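The values are calculated or read from the model by the stated rules, or taken from the named source; none is laboratory data. Being a predicted model, the structure only gives us computed values, none of them experimental. Neighbour counts are summed over all protein chains in view; Cβ atoms, including those assigned to glycine, are modelled from backbone coordinates with ideal geometry.
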């Protein structure tokens, strides 16, 4: 899969393509169906498929300070999109100038003049252009003028309760600590990436040395509590993920103030300092609690480890 930052990387002689457009944060089941449809249409027409996305999140540019919690890093998003069979992952830098481009100009300048789209596949609630004034009807009308087809893909809902799978819904699940519900909508456990940094060493003193994650600024961190997780070393992709009991919170037993993500990796005596890692949240074990003594905390931690082992089959 080719990865473009902006449209200056278009190869010479670029022909027509099938494009889908969106932020695609999380690349959840709804996104997967939409992107899969674009790939299918491209295959039917023997054309390359292009995913057009934006960075940073448009909300942060239009309303500074409103950046939603991020479900996937840009690199992870590209990896997930590539798994769906996409030919080109195109990231448009979202600037104040781009936010003010009218819908018809966006279509003409970017989709028609630069990408040469033959078809565009978007979600049925798709909006675009300055102040989100364009919608599917707008896109279809412009397609008739400029010679491309428009298809609106339906929204994906869960079987139970009919909840529409969306990035907003998944963020709410993660914020509440319901990582199982988030995984149902994502099609995989929610992931948190980060760099392992030095902690205060208290876990080592208690017999549970932890890898402390420094996470991206807008990362979607689950609610405080203890979770059964898979711990992956991103710089060693061939290594199998490891089972881990992960604590999220301030460690109230020791009157902590800084919210941390600390992973105790089971059955591994290894210093992960400085490594880029990913934590996949499989199940929430319990909420964050204050214990009367370090001994009581250690007793509970042993129980957390055993429950993690049982849940993950390790």
How many residues are closer than 17 Å to residue 241 by Cα and touching a residue at least 12 places away in the same chain (Cβ under 8 Å) if we restrict to region 274-314?
15
Of all residues in region 82-99, which are over 14 Å from residue 54 (Cβ atoms) and either modelled with pLDDT under 95 or not in a helix (DSSP H, G or I) (or both)?
84, 85, 86, 87, 88
If I ask for residues that are more than 26 Å from residue 67 (Cβ to Cβ) and not in a strand (DSSP E or B), which ones from region 140-159 would you list?
140, 141, 142, 143, 144, 145, 146, 147, 148, 154, 158, 159
Among the listed residues 297, 285, identify the single one that is surrounded by 13 or more Cβ atoms within 10 Å (Cβ to Cβ), assigned by TED's automatic domain parsing to the domain that holds residue 250 and more than 21 Å from residue 173 (Cβ to Cβ).
297
Could you tell me which numbered condition residue 31 fails, if it satisfies all but one of (1) surrounded by 20 or more Cβ atoms within 10 Å (Cβ to Cβ); (2) free of Cβ contacts under 8 Å to residues at least 12 places away in the same chain; (3) outside any helix (DSSP H, G or I)?
(3)
Residue count, region 249-281 (criterion: assigned to a loop (DSSP other than H, G, I, E, B), closer than 22 Å to residue 296 by Cβ and modelled with pLDDT of 90 or more):
1
Within region 46-68, of all residues that are in contact with a helix residue (DSSP H, G or I) (Cβ under 8 Å, 6 or more places away or on another chain), part of a loop (DSSP other than H, G, I, E, B) and modelled with pLDDT under 95, the one nearest to residue 191 (Cα to Cα) is 68
Scanning region 83-104 residue by residue, the ones that are under 13 Å from residue 19 (Cα atoms) and either without any contact (Cβ under 8 Å) to a residue 12 or more places away in the chain or surrounded by fewer than 15 Cβ atoms within 10 Å (Cβ to Cβ) (or both) total 0
Would you confirm, using the coordinates I've provided, whether residue 132 is surrounded by 12 or more Cβ atoms within 10 Å (Cβ to Cβ) and in contact with a strand residue (DSSP E or B) (Cβ under 6 Å, 6 or more places away or on another chain)?
no
Region 105-127, residues that are buried (at least 16 other Cβ atoms within 10 Å of the Cβ) and not in a helix (DSSP H, G or I)
115, 116, 117, 118, 119, 120, 121, 122, 123, 126
